[in-house]
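Just so it is clear, none of the values below were taken in a lab; they were calculated from the coordinates. All figures in this text were calculated on a predicted structure; none of them were measured in a lab. Note: ideal-geometry Cβ built from the backbone for every residue, glycine included; neighbour counts use all protein chains shown.
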Amino acid sequence: MAQPQSRVERKQPQYGSDVVVDLMKAFDIEYAAFNPGATFRGIHDSIVNYGGNYKPEVIFCNHEEISVAIAHGYAKAKGKPMVAIVHNMVGLQHASMAIFNAYIDRVPIMVLGGTGPMNTKRRRPRIDWIHTALVQGNQVRDYVKWDDQPYSLADVPDSFVRGYRIATTEPMAPVYINYDADIQEDAITTPLEIPEVSRYAPPAPAQAHSEALRQAARLLVEAETPLIIADTLGRNPKTVPALIELAEVLSIPVIDKGARFNFPSTHPLDVTDGARDLLGRADVILALDVPDLYGSLTTVSKQTRACEYITRPGAKLISISMHDMLVHSWAGDYQALQPLDLAMTADTSVAVPELIRLCREQLERDPGRKPRLEQRQKELAEKHKSRRAKWLADARAKGGQKEISTAWLALELGEVIKNEDWVLVNGSSNGWARRLWDFTRPNQYLGASGGAGVGYGSGAAIGAALALKDSGKLAVNIQADGDLLMTSSSLWTAAKHRVPLLVVMHNNQSFYNSEEHAIEVAKFRNRPVENAGIGTHVDDPEVDFAKMAQSFGVNAEGPIRSPAELRPALERALRFVKEKKLPYLVDVVAEPR
Ligand SMILES: Cc1ncc(C[n+]2csc(CCOP(=O)(O)OP(=O)(O)O)c2C)c(N)n1
Ligand SMILES: [Mg+2]
């Protein structure tokens, strides 16, 4: 996380809400996404009239789920939080699923809200009563890291500074701070200091136990068929080069689980896809920031949900992560209990470099191992090359068919953007983007929603694109249709705030994940699969996403239905985004998977 800026020259605050703006400025908060509401009208006025609508600048949203998703995507792309402000309990209820997504994704967001007044003698009849809770944070407490409702203005600075620190301390997560309407709107009578926020920075990253790390190094060096699995490690982009080095030092293949960019798709040791046999053969597995390790070591039957290990009995398991440091009971994101041989709670940004040092040390004492490592590297590199070549050939072959496939969508889009400094901010075209594109730079792919709450993609993509604005990078969103239908008015926000973003619809005209389940259940029960489209297909009438986007002020075209039509449309889209620095949407009707 970027360090907050220290004290800056400011106007004299007059109202409590001016102090909240001073705090946002002190932390260099660039944006505050919100849909307006009377419970935070004080903060709203202060942002616009006291703060000059700059740090933070208002990002106007039509639904609180979008406000929070924008903050979610922004934090992943920028490496620091922005603010989402939500109207009392109704806005907070709309926001709740998106807060849940960010919580499961361990992404820091400052969610602010308003309430009250808590002083019953100051409440307007009816509305201030029904919109005041005891206390509001209760609504989201199970999936924020901390919530607070400062009692008086004097408590506001400490509360905000503490909230920022908690949100940005590993494991990171959203916090919710709620401001009483009276605190926001009362005139300041006693002058109040904004703390020197740089002195409240998160603690230095936690290192792993030295003896445990030494044991891990020994296991890895002595292993015949070691394997690394990484999932959220790349949330700190600096850890990615360390992971590459670790893999190279010992010729260890790496599976990138994809919650973030962890390992280059072009690296000869990348075995993310199409190398499941390695899981069954591995004698030592190192899991780096893998929240669901059990799920990574097992297969599950689509029909009966039965799970089975695919790992080799007796394989040694090592895990390094911070996940155990944030366990709540409400959602089971602690995942199935997995026995481990060596467990370390540590920040991989410091643990992996230290592990490299220890591995090198051990290797120097045992130079006889080097030829075996070289041989392993060679075998893995050959297989990697042939897998990539096969994927490319398979994708190319899809150009000859009548309908657009997910492989073709990814192939054509990859070709169009390959000379750009792109970031895939959402979507994957069913995994084909990583198979076909050169994922080479940390943070070039931002992962998915975390909580699997549909409605994340468009907002998160806009937030990431806001973060990347003026960076020279091209934000690309491969947008699922059902997901956009849930939060379609996010397109208006993208247009309103001139967000440069290339949106390519993977429009399978279905909530297909659910259709797939319907097919599996019908098959298992020996019932007609033809009915799987009832309650899942979004057709008859079809949604015209290009028209929808245009109605929100976003330039768009489509539906594109044939493989040959796709490339020219994507080229027009790219040209537009680059020249105009605005969003553009291409609706691509494609096969479901
Ligand atoms: C808020 C919410 N509602 C419902 C679901 C169940 N669900 C999971 S995936 C999915 C389909 C999503 O459709 P789309 O975004 O078009 O993606 P597709 O599966 O078609 O690629 C649904 C309905 C969910 N995860 N979240
Ligand atoms: Mg769909």
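Along the range 315-321, what does the Karplus equation 6.51 cos²θ - 1.76 cosθ + 1.60 (θ = phi - 60°) give for ³J(HN,Hα), rounded to whole Hz, x for Gly and Pro?
Result, ordered by residue: 4, 7, 10, 10, 10, 10, 6 Hz.
As a quick test, which of the pairs 55/496; 370/418; 80/257; 418/580 have an alpha carbon distance above 29 angstrom in this structure?
Working: 55/496 18 Å; 370/418 37 Å; 80/257 23 Å; 418/580 20 Å.
Distance filter (> 29 Å) returns 370/418.
Provide the packing ranking of 250-257, 319-326, i.e. peptides ordered by the mean count of other C-beta atoms within 10 Å per residue, highest first. It would help to have the intermediate numbers written out before the result.
Working: 250-257: 24.8, 319-326: 19.5.
By packing density, highest mean first, the sequence is 250-257, 319-326.
For a quick check: with amide H placed at 1.01 Å from N, whose amide H comes under 5 Å from residue 501's, ignoring anything fewer than 5 positions away on the same chain?
582, 584
Residues with beta-carbon under 12 Å from that of residue 448, excluding residue 448: net charge, scoring Lys, Arg +1 and Asp, Glu -1? Mind showing how you got there, number by number?
Details: positive: 76, 257, 260; negative: 105, 231, 483.
Net charge around residue 448: 0.
Sort the range 10-131 into rounded, prolate or oblate with this rule: let a ≥ b ≥ c be the square roots of the eigenvalues of the Cα gyration tensor; rounded if a/c is under 1.5, and if a/c is not under 1.5, prolate when a/b is larger than b/c, oblate otherwise. Please report the intermediate quantities before stating the final value.
Values: a/c = 2.19, a/b = 1.17, b/c = 1.87.
Here the range 10-131 falls in the oblate category.
Which peptide among 571-577, 268-274, 15-21 comes first, and what is the full order, when sorted by highest mean count of other Cβ atoms within 10 Å?
Working: 571-577: 18.6, 268-274: 20.4, 15-21: 25.9.
My ranking of the peptides, most packed first, is 15-21, 268-274, 571-577.
Only bridges with both residues in the chain count here: give the DSSP antiparallel percent, nearest 5. Could the numbers behind the result be given before it?
Numbers: 5 of 65 bridges.
In the chain, DSSP labels about 10 percent of beta bridges as antiparallel.
Near the amide H of residue 115, under 5 Å away, which other amide H atoms are found, from residues 5 or more places off or on another chain, if H is placed in the peptide plane?
Under 5 Å from the amide H of residue 115 lie the amide H atoms of 179, 180, 181, each far enough along the sequence or on another chain.
Cross-link partners among aspartates and glutamates for residue 385, C-alpha distance below 18 Å, same-chain residues fewer than 8 apart left out?
248, 256, 270, 273, 277, 374, 394, 438
What is the helix-to-structure angle for 370-397, meaning the angle in degrees between its Cα long axis and the longest Cα principal axis of the chain, kept from 0 to 90 and rounded to the nearest 10?
For 370-397 against the chain, the angle is about 70 degrees.
May I ask you to evaluate 6.51 cos²θ - 1.76 cosθ + 1.60, the Karplus curve with θ = phi - 60°, for each residue of the range 358-365 and list the ³J(HN,Hα) values in order in whole Hz, giving x for glycine and proline?
5, 5, 4, 4, 5, 5, 5, 6
Provide the per-residue ³J(HN,Hα) series for the range 279-287, in order, calculated from phi with Karplus coefficients 6.51, -1.76, 1.60 and θ = phi - 60°, each as a whole number of Hz, with x at glycine and proline positions.
Each residue of the range 279-287 in turn: 4, x, 9, 4, 9, 9, 10, 9, 9 Hz.
Which length gain, in nm to one decimal place, applies between residue 341 and residue 124 when the Cα-Cα distance is subtracted from 0.36 nm times their residue separation? Walk me through the numbers on the way to the answer.
Numbers: separation 217, 0.36 × 217 = 78.12 nm, distance 6.05 nm.
72.1 nm is the gain from fully extending residue 341 to residue 124.
Can you tell me what share of the DSSP beta bridges in the range 197-331 is antiparallel? A percent to the nearest 5 is fine. The partial results should precede the final answer.
On the way: 3 of 17 bridges.
Antiparallel bridges make up about 20 percent of those DSSP assigns within the range 197-331.
Ranking 552, 261 by Cβ neighbours within 10 Å, fewest first, what do you get?
On the way: 552 20, 261 26.
With the sparsest Cβ surroundings first, the list reads 552, 261.
Taking amide H positions as placed in the peptide plane 1.01 Å from N, state which residues far from residue 558 in sequence (5 or more) or on other chains have amide H under 5 Å from it.
Amide H to amide H, under 5 Å and 5 or more residues apart or across chains, residue 558 pairs with 587.
FRET efficiency for residue 134 and residue 224, Cβ-Cβ distance as r, R0 = 60 Å, nearest 0.05? Intermediate results must be reported in sequence, preceding the final value.
On the way: r = 61 Å, r/R0 = 1.01.
Using R0 = 60 Å, I get an efficiency of 0.50.
How high is the relative contact order of the chain, in percent, with contacts defined as C-alpha pairs under 8 Å that are six or more residues apart? Present the calculation step by step, with values, prior to reporting the outcome.
Details: 1277 pairs, mean separation 82.1, N = 593.
Worked out over the chain, it gives 14 percent.
Just the number, please: percent antiparallel of the DSSP beta bridges in the range 244-402, rounded to the nearest 5. Don't skip to the end; give the middle numbers.
Working: 3 of 13 bridges.
Given both bridge residues lie in the range 244-402, the antiparallel proportion sits at roughly 25 percent.
Per the helix-only calculation at 222 nm, which mean residue ellipticity applies to the chain, given -39500 (n - 2.57) for every DSSP H run of n ≥ 4 and division by its residues, nearest 500 deg cm²/dmol?
On the way: 21 runs with 231 residues, N = 593.
Rounded to the nearest 500, it is -12000 deg cm²/dmol.
Starting at 0 and stepping by 10 Å, how many percent of the alpha carbon pairs of the chain end up in each bin?
So the P(r) values, bin by bin, are 3, 16, 25, 25, 19, 9, 2, 0, 0.
Residues in the range 254-291, backbone N under 17 Å from the label point at residue 369 (7 Å along the Cα-to-beta-carbon vector): list them, ranges by number please.
254, 282-287, by backbone N distance to the label point.
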